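The values are calculated or read from the model by the stated rules, or taken from the named source; none is laboratory data. What you see is a predicted model, and the numbers here were worked out from it, not measured in a lab. Please note: Cβ atoms are built from the backbone with ideal geometry, for glycine as well, and neighbour counts cover all protein chains shown.
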Amino acid sequence: MPQNKNDDDFSFDDMFDDEHARSGPDAPIGRAPESNDSKITGDGAEDGAGFDFDEHDQGPIIANDQDDADRDEPAKKRGFLDFEPDMDTILITAQSPMIIEGLRCYLRKDFSSANATSFREALRGVELYMKILERNPDNYQKLKKIIDSDIDCEEVEKTAFNLFKRIHGHLPETYTEKLEAFEMLKNLITKALDRSLISESLVRIKKYFLLSGGVDIDKLNECIMNNDIEFKSFVNQLHQQINTAMSMLKRGGSEFAKGVSGKNISIFIIKATDLLTQYYQRAGNRQLADNYARINENYKKYFVIRD
């Protein structure tokens, strides 16, 4: 096993306690179609031919008359498929440190807005591993030598596989199970990103409010008249984030950590629903305006705080 080049003696085992203490309907994991299965044997090396980068280990070369004739033939050009594993190697070795950084933020339970970028990049990295598996499972087998020789790649794979083991009681063996392991890791990072984005939106939303605490109606009208793209994008984000925030409040407990306290979540829901109520009243969507006004009244009335 390669040595940790950063001398970081950390374990991600603690992260599993909150998200996957048990299997069940709370955290459904989609399974890919059963196909192209490959199994891990022994100490983790996969069956099948490895992707050998050592072009010199080809045994003794015996000269014969045919060699001269072969030299006259034009060299075969490498096609796209020849470069595919090489490009995958470059991508996963570049993205894996970003996944590790996102997991470090998760381990610290730091879902502040400052870490939203780290979680985004970590999510992209996990999706890259999944794309390699989905596109061609054999490519992952060929990359196994690189994964085992790179501390970050190995840590990513180990984390995903251990997460699978905590749910199913064994390490993933087939292609489908390995894909499910990375799906679990993706789900974990997605939840972390959702929390961080709520913190980020709580900062962004202040620009649409007056110091007195009410919605800045003049600014809101200006955004509507100018068909402000940034504002419309922000409104679209708020829809999903309000649902996520309400779900987090209902679940409570481990959902709250640095950057996302129960008080902050309640404040976010109140401000976001207030802004959307005012927006949809002026946009002429009475149904959505009434819906967000009702949510706003409920949360202002009880102002849920679960620190």
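Tell me, yes or no, whether the stretch 162-171 has at least one residue that is outside the structural domain of Gln240 (by TED's automatic domain parsing), part of a loop (DSSP other than H, G, I, E, B) and hydrophobic (A, V, I, L, M, F, W, C).
Within the stretch 162-171, one or more residues are outside the structural domain of Gln240 (by TED's automatic domain parsing), part of a loop (DSSP other than H, G, I, E, B) and hydrophobic (A, V, I, L, M, F, W, C).
Let's see how each residue does on (1) under 25 Å from Glu297 (Cα atoms); (2) modelled with pLDDT of 95 or more; (3) β-branched (Val, Ile, Thr):
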site: Phe164; (1), (2), (3): no, yes, no
site: Met184; (1), (2), (3): no, yes, no
site: Leu193; (1), (2), (3): no, no, no
site: Lys207; (1), (2), (3): yes, no, no
site: Ser212; (1), (2), (3): yes, no, no
site: Thr244; (1), (2), (3): yes, no, yes
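Before we move on, is Lys206 assigned to a helix (DSSP H, G or I) and in contact (Cβ under 8 Å) with a residue 12 or more places away in the chain? Against the criterion (assigned to a helix (DSSP H, G or I) and in contact (Cβ under 8 Å) with a residue 12 or more places away in the chain), Lys206 does not qualify. No other residue among Ser199, Ser233 is of a type outside the set (A, V, I, L, M), surrounded by 19 or more Cβ atoms within 10 Å (Cβ to Cβ) and closer than 30 Å to Tyr106 by Cβ apart from Ser199. In the set Lys207, Lys219, Lys250, Lys158, only one residue is surrounded by fewer than 18 Cβ atoms within 10 Å (Cβ to Cβ) and either under 17 Å from the mean Cα position of the chain (by Cα) or closer than 24 Å to Met98 by Cβ (or both); that residue is Lys158. Taken across the stretch 95-118, residues that are farther than 25 Å from Ile198 by Cβ, surrounded by fewer than 18 Cβ atoms within 10 Å (Cβ to Cβ), charged (D, E, K, R) and not assigned by TED's automatic domain parsing to the domain that holds Phe268 do not occur at all.
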